[in-house]
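Below is one structure, written out as structure tokens, with a few remarks after it.
The values are calculated or read from the model by the stated rules, or taken from the named source; none is laboratory data. Note that this is a predicted model, so its numbers are computed, not measured. No Cβ is skipped: glycine too gets one built from the backbone with ideal geometry, and neighbour counts run over all protein chains shown.
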Amino acid sequence: MHSTMTRQHFAAVIGSAVIAVSLLPAASYAASPIEGRAIEKCMSVYNRGVDHREALIVCRPLAEHGVSHAQNVLGEIYMYGEGISQDFDEAAKWFRLAAEQHHRRAQFMLGVLYWSGDGVPQDYDKAVKWFRLAEDHLSVANNQTDASGLGQDGAFGNE
């Protein structure tokens, strides 16, 4: 028996997965103390508000330097149009850069873009590929969780 997924069912699955991705412990990111403070500032500015123009200014140099967390932040800002014009092409660019560095949330979000055809040609096979990669990295993260539920290496992992 062949079953098809309705848009509503897919949206429910995506919503549950996004919540799961955001709640899982993070793996570590090996950064210098200076870079670590810059990443903290990027994340702090991004998490502070709805208008993320300041986050673009703070996070872009890190993203251009190859920091996956900052790349993912830029992807989310462009995807949701938070404080700027929504731009799925830019979102896909930044999610891909972070996803290729095994950033699990970026992998998942790139899968969402392939599924919807926003910023990339619609391609269900590529969407499933990125969803599976994100799921594989989530399984590894679950195995690295310590008893506190915070993860072995702190708060700035591949979220």
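Data overview
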{"item": "Matching residues in segment 58-87 - criterion: being within 9 Å of the chain's Cα centre (by Cα), within 23 Å of W115 (Cβ to Cβ) and of a type outside the set (S, T, N, Q)", "result": "V73, G75, E76"}
{"item": "Entirely in segment 20-122, the helices (runs of 4 or more DSSP H) that have 1 or more residues that are at pLDDT below 95 and not charged (D, E, K, R)", "result": "33-48, 53-64, 68-80"}
{"item": "Pick from segment 123-147, criterion within 22 Å of H69 (Cβ to Cβ) and of a type in the set (V, I, T), ranking: modelled with the highest pLDDT", "result": "V140"}
{"item": "Single condition H2 does not satisfy, out of (1) part of a loop (DSSP other than H, G, I, E, B); (2) at pLDDT 85 or above; (3) closer than 25 Å to S116 by Cα", "result": "(2)"}
{"item": "Segment 79-105: number of residues that are without any contact (Cβ under 8 Å) to a residue 40 or more places away in the chain and crowded, with 23+ Cβ neighbours inside 10 Å", "result": "5"}
